[in-house]
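The values are calculated or read from the model by the stated rules, or taken from the named source; none is laboratory data. This structure is a prediction, so every number in the text was calculated from the model and none was measured. FYI the Cβ positions are ideal-geometry reconstructions off the backbone, even for glycines, and counts take in every protein chain you see.
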Amino acid sequence: MLSTETDILSTAEAWRRAGRGVALATVIETWGSAPRPVGSHLVVDADGNFLGSVSGGCVEGAVITEGMEAIADGRARVVAFGVADETAWRVGLSCGGRIRVYVEPVT
Amino acid sequence: MQLDALTALNAERAARRAAILVTDLDGGTQRVVREAEIAADPLADLLGQRLASGKSSLAEVEGRPLFLTVQAPPVRLVIVGAVHISQALCPMATALDLDVAVIDPRTAFATPERFPGIDLVTLWPDEAFGGAVPALDRYCAVAALTHDPKIDDPALMAALRADCFYVGALGSRKTHAARVARLGAVGFTEDAIGRIAAPIGLDIGAVSPAEIAVSILGQIVEAQRAPRSAAAR
């Protein structure tokens, strides 16, 4: 079943209350044919368990890694993905779009 | 994000109240602005406008990049009357991402064959609200389409009391004049009654049921996108 934004934010709260390290990723900007709209969330815990989607799959792995790093260092960051990006060859958006994602630890 | 901000967002959403999370992307500071707090907020205009749009987005305030996470309750459309217009209205409303429910106590009209995939409730409005149909609130639109005051009137009264953002009723001007008199007689003020869109729908010369459905949905979108801070009563 598709997870809704409600499920994701509720899950973030529940995981945090259960004592797990948690980070939240939010799509803050898109250009071109990005598959997930601005405001879409993904929640990840310190072990890499996640719920939600920021790109329909293309860059989820990289966002999850960023989330785990945010949990570890306690700092929020903005990460960008897109075809013009050097990382595009590894984790670019096949659709040709670009996105920026805000990744923050839940503290 | 602080856990208490996340908790506040979740609590507002569960209560079907709007809220906006304001994140300073440079400093990482965040705050939750509840719908009722928007009018008094330093960013009132910006927040009111973004809430009306219903979309999360970036903004720049005094040179600082902000991200506004807009959390607005899903909009529900309650259609009273499983009539021909409703059959055209349901799929169009669903395409607009409205949560649609149809109420009609007349089981001959309210059949799954006529309304495939739609939440159909064969009860009188007063029996339905707060039970089979969740209680009405500000994020509900109500369209009364039966032409029968026994069914339409209780639904309209419930919609006005719940301060639904859109209340529309089918019927000619003459029919509506009689309705105004009935609602006035049971204590609704002129202002309250004036909130009913009647005859229902934008004046686009609609003739067919599908065209009338378009005119109703156009009016609902117009009401939905009007800045909520201006509509705050």
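The single residue among B:ASP41, B:ASP45, B:ASP26 that is surrounded by fewer than 22 Cβ atoms within 10 Å (Cβ to Cβ) and under 22 Å from A:GLY67 (Cβ atoms) turns out to be B:ASP26.
Regarding B:LEU136, is this residue buried (at least 18 other Cβ atoms within 10 Å of the Cβ), in contact with a helix residue (DSSP H, G or I) (Cβ under 7 Å, 6 or more places away or on another chain) and in a loop (DSSP other than H, G, I, E, B)? It is true that B:LEU136 is buried (at least 18 other Cβ atoms within 10 Å of the Cβ), in contact with a helix residue (DSSP H, G or I) (Cβ under 7 Å, 6 or more places away or on another chain) and in a loop (DSSP other than H, G, I, E, B).
If you check B:ARG16 against the conditions, is it at positive phi and among the charged types (D, E, K, R)? Yes. Taken over region B:124-146, the criterion of being over 15 Å from B:ILE216 (Cα atoms) and touching a residue at least 40 places away in the same chain (Cβ under 8 Å) is satisfied by B:PRO125, B:VAL133, B:PRO134, B:LEU136, B:ASP137, B:TYR139. If you check B:ARG13, B:ARG31 for being of a type outside the set (S, T, N, Q) and either part of a helix (DSSP H, G or I) or touching a residue at least 40 places away in the same chain (Cβ under 8 Å) (or both), only one passes: B:ARG13. Considering region B:9-23, the residues that are surrounded by 15 or more Cβ atoms within 10 Å (Cβ to Cβ), under 18 Å from A:ASP7 (Cβ atoms) and more than 10 Å from chain A (Cβ to nearest Cβ) include one that is nearest to the chain's Cα centre (by Cα), namely B:ARG16.
Restricting region B:35-91 to residues that are away from every other protein chain (no Cβ under 14 Å) and of a type in the set (D, E, K, R) leaves a set whose member that is nearest to B:LEU170 (Cα to Cα) is B:ARG76. Within region B:197-212, no residue that is farther than 18 Å from B:HIS84 by Cβ sits with its Cβ atom under 6 Å from a residue that is part of a loop (DSSP other than H, G, I, E, B) and modelled with pLDDT under 95 at 6+ positions apart or across chains. Within region B:117-145, being of a type in the set (D, E, K, R) and closer than 12 Å to B:LEU156 by Cβ holds for one residue alone: B:ASP126. Scanning region A:27-42 for residues that are without any contact (Cβ under 8 Å) to a residue 60 or more places away in the chain and either part of a strand (DSSP E or B) or over 20 Å from B:MET1 (Cα atoms) (or both) gives A:PRO37, A:HIS41, A:LEU42. Filter region A:59-76 down to residues that are without any contact (Cβ under 8 Å) to a residue 40 or more places away in the chain and within 11 Å of the chain's Cα centre (by Cα) and give me whichever is surrounded by the most Cβ atoms within 10 Å (Cβ to Cβ). Across region A:59-76, the extreme among qualifying residues is A:ILE64.
Taken residue by residue, region B:208-229 has at least one member that is of a type in the set (D, E, K, R), touching a helix residue (DSSP H, G or I) at 6+ places or on another chain (Cβ under 9 Å) and modelled with pLDDT under 95. All of B:ALA143, B:ALA185, B:ALA178 fail the test of being of a type outside the set (Phe, Trp, Tyr) and either under 19 Å from B:ALA82 (Cβ atoms) or in contact with a Lys or Arg (Cβ under 9 Å, 6 or more places away or on another chain) (or both), apart from B:ALA143. Among residues of region B:110-123 that are within 19 Å of B:MET92 (Cβ to Cβ), those with a Cβ under 6 angstrom from a residue that is part of a loop (DSSP other than H, G, I, E, B) and not hydrophobic (A, V, I, L, M, F, W, C), sequence gap 6+ or separate chain, pair up as B:ALA110/B:ASP104; B:ALA110/B:THR122.
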